[in-house]
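The next block holds one structure in the form of structure tokens; read it before the comments.
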Amino acid sequence: MTVNIEAYERIRSELGEGVTLVAVSKKKSISDIQELYDLGHRDFGENYVQELIQKQLLLPNDIKWHFIGHLQRNKVKYLAPFVHLIHGVDSYQLLEEINRQAEKNNRIMNTLLQIHVATEETKFGLDGTELITMAKDLHKYKLLNQLENVTVCGLMGMASQTEDSSLINKEFSYLKTLFDDATTIIRQGCFNILSMGMSSDYKIALKNGSNMVRIGSLLFGERN
Ligand SMILES: *Cc1c(COP(=O)(O)O)cnc(C)c1O
């Protein structure tokens, strides 16, 4: 499989200013990633820690690696030296561990809180009430100068896997509402990323205010 350059150019022109395209390269080869890198692309997303570590070693250092999968607490240490943005934070304990590992690496790590808006039971993430509680706590911790090595930069969510575009639209619109609510509570300069939209639904996500889309199969072809 090689990169679909036509799709890449088309998507980039659809996104416009201020929207980041994360090229989701999970299960794709080093040479696929290198091909997109050579076109000037720098933001790549991976779901599996082991796979990400191996790729990171073999690819250029200025790639911004996004971790978009479910992150177990005991794996944070492997990503801490280099990861650019962790999209899937859904517990305070995970945030604490990210803070601890970031401190060890002498850096500040950027994260997004994952919100569960889809109808499927299996997906990870906070619900609306949990988010508001967490946002209030975060505001408090900042005032207390705790969690100094971790920054919460916004929200991430996935819509239901369905053909029903009005349901997807409803879910993204709800996510945007939560994002606006959380913004007023957290009040940190960098709380400004809304990561939503994948190959099948990014256009609906953009209509609802997404400023970061995570696209895999449209760029790299279907995964096995
Ligand atoms: C795999 C994945 C994507 C990309 O999915 P495509 O349908 O291939 O675009 C985006 N976000 C997350 C969280 C994923 O796991």
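The values are calculated or read from the model by the stated rules, or taken from the named source; none is laboratory data. Keep in mind that this is a model prediction, so the values were computed, not measured. Ideal geometry is used to build each Cβ from the backbone, glycine not excepted, and the neighbour counts take in all protein chains shown. These accessible areas exclude ligands, DNA and RNA; they are computed on the full protein's heavy atoms, side chains included. Shrake-Rupley method; radii C 1.70, N 1.55, O 1.52, S 1.80 Å.
Things worth noting here:
- Among the chymotrypsin sites (Phe, Trp or Tyr not before Pro) found in region 16-48, those both in a DSSP coil and sparsely packed, with 16 or fewer other Cβ atoms within 10 Å of their Cβ, are 48.
- For region 31-158: relative contact order, % (alpha-carbon pairs under 8 angstrom, 6 or more apart): 21
- Label-to-label distance, nm, for residues given as residue 166 and residue 64 (7 Å Cα→Cβ offset): 3.7
- Per residue, the solvent-accessible area of region 1-137 (1.4 Å probe, heavy atoms of protein chains only, all protein chains present) comes to 49 Å².
- Cut-off 16 Å, label 7 Å out along Cα→Cβ of residue 106, residues of region 136-151 by amide N: 149
- Scanning residues 5 or more positions from residue 45 or on other chains, those with amide H under 5 Å from its amide H are 23, 24, 25, 66, with H placed 1.01 Å from N in the peptide plane.
- Carbon and sulfur %, accessible surface of the chain computed with the full protein complex present, 1.4 Å: 47
- Gain on full extension, evaluated as 0.36 nm per residue between residue 144 and residue 174 minus their Cα-Cα distance, stands at 7.7 nm.
- Among 40, 157, 69, the largest mean-square fluctuation in a Gaussian network model of the chain, built with springs joining Cα atoms closer than 10 Å, belongs to 40.
- In this Cβ point-charge picture (+1 for Lys and Arg, -1 for Asp and Glu), the chain has a dipole of about 560 debye about its Cα centre.
- MRE, 222 nm, helices only [DSSP H, n ≥ 4, -39500 (n - 2.57), over the chain, to nearest 500]: -12500 deg cm²/dmol
- Three-way shape label, region 53-196, alpha-carbon gyration tensor, a/c 1.5: oblate
- For region 9-79, the residue among 49, 16, 65 whose Cα projects farthest onto the positive side of the dipole built from Cβ charges is 49.
- Cα-projected label distance for residue 73 with residue 127, points at 7 Å along beta-carbon direction, nm: 2.3
- Between residue 207 and residue 183, the FRET efficiency estimated from the beta carbon spacing at R0 = 22 angstrom works out to 0.70.
- Within the chain, the longest run free of exposed loop sites, counting trypsin sites (Lys or Arg not before Pro) that sit outside DSSP helix and strand states (H, G, I, E, B) and have at most 12 other Cβ atoms within 10 Å, spans 1-186.
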